[in-house]
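Report on one structure; see the data block that follows.
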Amino acid sequence: MQTLKEDVRLNILRAALTEFKSHDYADASMRRISAAAGITTGNIYRYFKNKEELFEALVKPVYEKLLEYLLDLKKELDRSYVNGNDGFKYFGMIEDTVVGLFDAYSAELTILMNRSTGSKYAGVKADMVKLIATILEDAFASGREHVDKLTPEQRQSARMLAGTVVEGVCLILREHEDGETVKRLVNEFICLYHTGLMCGRPE
C-alpha cells in the first residue's frame with residue numbers, strides 16, 4: 001500500500017480551490033483539478049473518494065466557524081437582553097469575529113456563498129438569511145421573549161435587512177479576491193448597516 005503524501009494532498013486542495021472558485025460545484029471537474037495538481041485523475045481518488053468529499057474538505061471548516069461565530073453573537077445578544085442592556089452594541093462583535101474570517105478564508109467563503117449550487121451546502125445563503133433575521137428580530141424586540149410583539153412590518157424589515165446583508169457580502173466576495181480588501185469592504189458594509197440600525201431601528 002502506497003503512503004499518501006501531504007504535499008500532494010495540499011496541491012489537490014489548492015487546485016480544487018481554484019476550480020471551485022471558477023465553477024459551481026455541479027460544473028467543477030475532477031479531471032481539471034487533477035491536471036492542475038499535476039497528478040492523474042485516478043490518483044486524486046486515493047486522496048478524496050469523490051468531488052463531494054473534496055468540496056467538503058475546503059468549505060466545511062469555514063462554514064462551521066462562520067456558524068459558530070454567528071451563534072456566539074446570538075448568545076451574547078440573548079444575555080444582554082436578560083441583563084437589560086441594549087443588544088445593538090454587541091454588533092461590534094462582528095468586526096472581531098465574522099469579519100476576520102473574510103481575511104483568512106475569502107476564497108473558501110466565495111465558494112461557500114456563491115459556488116455551492118448542486119452541493120449539500122446549496123442552502124447556506126438561505127440559512128444565513130434566516131439566522132441573521134432571527135438575530136435582528138431579537139434586537140428589534142429587545143429579546144426573543146418579546147418577538148411575538150413585533151408587527152408584521154418589523155418582521156419583514158428584519159428579513160429584508162438580513163437578505164440585503166447576505167447578498168451584499170456575496171457581491172463583495174464575487175468582485176474581490178484579496179482577503180484584506182474583502183475584510184475591509186465587509187467591515188465597512190457591516191458598520192454601515194449597524195449605524196443605520198442604530199439610527200432607524202423600529203420602535
Task: segment 13-36, subset farther than 15 Å from Gly118 by Cα and basic (Lys, Arg), residue least open to solvent (accessible area, probe 1.4 Å) - done: Arg32
TODO: Check Ala57 against each of (1) over 23 Å from Leu101 (Cβ atoms); (2) within 21 Å of the chain's Cα centre (by Cα); (3) surrounded by fewer than 20 Cβ atoms within 10 Å (Cβ to Cβ) and name the one condition it does not meet.
DONE: (1)
Task: Any chance Leu10 is within 21 Å of Leu112 (Cβ to Cβ) and open to solvent by less than 40 Å² (accessible area, probe 1.4 Å) - done: no
Open item on the list: Going by what's in this entry, would Leu173 be described as at pLDDT 85 or above and surrounded by 14 or more Cβ atoms within 10 Å (Cβ to Cβ)?
Closed with: yes
TODO: Being outside any helix (DSSP H, G or I) and out of contact with any His (no Cβ under 8 Å at 6 or more places or on another chain) narrows it down to one of Ala126, Ala133, Ala122, so name that one.
DONE: Ala122
TODO: Restricting attention to segment 7-22, report how many residues are in contact (Cβ under 8 Å) with a residue 40 or more places away in the chain and over 21 Å from the mean Cα position of the chain (by Cα).
DONE: 1
Open item on the list: Within segment 145-162, take every residue that is of a type in the set (D, E, K, R) and crowded, with 16+ Cβ neighbours inside 10 Å and give me the one that is farthest from the chain's Cα centre (by Cα).
Closed with: Arg155
Task: Any chance Thr164 is in a helix (DSSP H, G or I), among the β-branched types (Val, Ile, Thr) and within 17 Å of Leu70 (Cα to Cα) - done: yes
Task: Ile111 vs. criteria open to solvent by less than 50 Å² (accessible area, probe 1.4 Å) and modelled with pLDDT under 85 - done: no
Open item on the list: Could you go through segment 39-48 and let me know if any residue there is of a type in the set (D, E, K, R) and either within 30 Å of Leu136 (Cα to Cα) or in a helix (DSSP H, G or I) (or both).
Closed with: no
- [ ] Output the residue which, of all residues in segment 117-134 that are over 12 Å from the mean Cα position of the chain (by Cα) and crowded, with 21+ Cβ neighbours inside 10 Å, is nearest to Lys51 (Cα to Cα).
- [x] Ser119
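The values are calculated or read from the model by the stated rules, or taken from the named source; none is laboratory data. Remember, predicted model here, so these are calculated numbers, not experimental data. All Cβ positions, glycine included, derive from the backbone under ideal geometry; neighbour counts span all protein chains shown. When the accessible area is computed, the model is the full protein with side chains, heavy atoms only, and any ligands, DNA or RNA have been set aside. Shrake-Rupley method; radii C 1.70, N 1.55, O 1.52, S 1.80 Å.
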